[in-house]
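Engineer: What follows is a structure written as structure tokens; I'll ask about it next.
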Amino acid sequence: MAFETTCYVCGGTVDDPGLLTECFGCNRWFHLRRRMDQPGIDCGDAVIGESLGAETYCNPCLEKAERDAAASMTREDRAVAMARFMAGDQAPRPAPDVPPPPPAGPRRFRRVEDAG
Ligand SMILES: [Zn+2]
Ligand SMILES: [Zn+2]
């Protein structure tokens, strides 16, 4: 089995194929240390996937994912704002530091006899 020895991100070559990792996004090989106390450089990062455990992505793929996330978030925010406008809900959102109303406790009845 042949090993890639060139990091496509920075173009650097390695003697030890273990210093390169395959990107989950583009299937190209890039610098990624297996251990953070290892000498070397990182041209990507490992992220925790939903089900497969750690997934490794090169920097270009990470940047692209971040751009996509930012773009979709903006679209979603616009859609939410439009939905709120269509529903006629123009009330300002409550400040995040307002505590929720306390749970209803036992009611206190004021007896009419006591009022006078
Ligand atoms: Zn590199
Ligand atoms: Zn990639």
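The values are calculated or read from the model by the stated rules, or taken from the named source; none is laboratory data. Quantities reported herein were computed from a predicted structural model and do not represent experimental measurements. Every residue, glycine among them, receives a Cβ derived from its backbone with ideal geometry; neighbour counts consider all protein chains shown.
Engineer: List the pairs whose first member sits in the range 50-75 and is in a helix (DSSP H, G or I), whose second member is hydrophobic (A, V, I, L, M, F, W, C) and surrounded by 10 or more Cβ atoms within 10 Å (Cβ to Cβ), and whose Cβ atoms are under 6 Å apart, counting only residues at least 6 apart or on separate chains?
Structural biologist: Going by the 6 Å Cβ cut-off, the qualifying pairs are Asn59/Val9; Asn59/Cys43; Cys61/Cys23; Cys61/Cys26.
Engineer: In the range 1-38, what residues are over 28 Å from the mean Cα position of the chain (by Cα) and of a type outside the set (Gly, Ala, Ser)?
Structural biologist: Met1, Phe3, Glu4, Thr5, Thr6, Thr13, Val14, Asp15, Asp16, Pro17
Engineer: Now for a different question. Answer yes or no: is there a residue in the range 12-22 that is exposed (fewer than 13 other Cβ atoms within 10 Å of the Cβ), at pLDDT 90 or above and not charged (D, E, K, R).
Structural biologist: There is at least one residue in the range 12-22 that is exposed (fewer than 13 other Cβ atoms within 10 Å of the Cβ), at pLDDT 90 or above and not charged (D, E, K, R).
Engineer: Going through the range 1-40 one residue at a time, which ones are within 16 Å of ligand 2 (Cβ to nearest atom) and of a type in the set (A, V, I, L, M)?
Structural biologist: Val9, Leu20, Leu32
Engineer: Given the criteria without any contact (Cβ under 8 Å) to a residue 60 or more places away in the chain, within 11 Å of ligand 1 (Cβ to nearest atom) and part of a loop (DSSP other than H, G, I, E, B), does Asp42 qualify?
Structural biologist: On the way: without any contact (Cβ under 8 Å) to a residue 60 or more places away in the chain: yes; within 11 Å of ligand 1 (Cβ to nearest atom): yes; part of a loop (DSSP other than H, G, I, E, B): yes.
Spelling it out, Asp42 is indeed without any contact (Cβ under 8 Å) to a residue 60 or more places away in the chain, within 11 Å of ligand 1 (Cβ to nearest atom) and part of a loop (DSSP other than H, G, I, E, B).
Engineer: Quick one: which residue in Arg34, Arg67 is within 15 Å of ligand 1 (Cβ to nearest atom) and among the charged types (D, E, K, R)?
Structural biologist: Details: Arg67 fails: within 15 Å of ligand 1 (Cβ to nearest atom).
The conditions single out Arg34.
Engineer: Follow-up question, since we're still on this one. Select from the range 8-31 the residues that are in a loop (DSSP other than H, G, I, E, B), within 13 Å of ligand 1 (Cβ to nearest atom) and either within 14 Å of Cys61 (Cα to Cα) or in contact with a Lys or Arg (Cβ under 8 Å, 6 or more places away or on another chain) (or both) and list them in ascending order. Break it down stepwise before answering.
Structural biologist: First, the residues of the range 8-31 that are in a loop (DSSP other than H, G, I, E, B): 8-12, 14-16, 23-28.
Then drop every residue that is not within 13 Å of ligand 1 (Cβ to nearest atom), which leaves 8-12, 14, 23, 28.
Across the range 8-31, the qualifying residues are Tyr8, Val9, Cys10, Cys23, Arg28.
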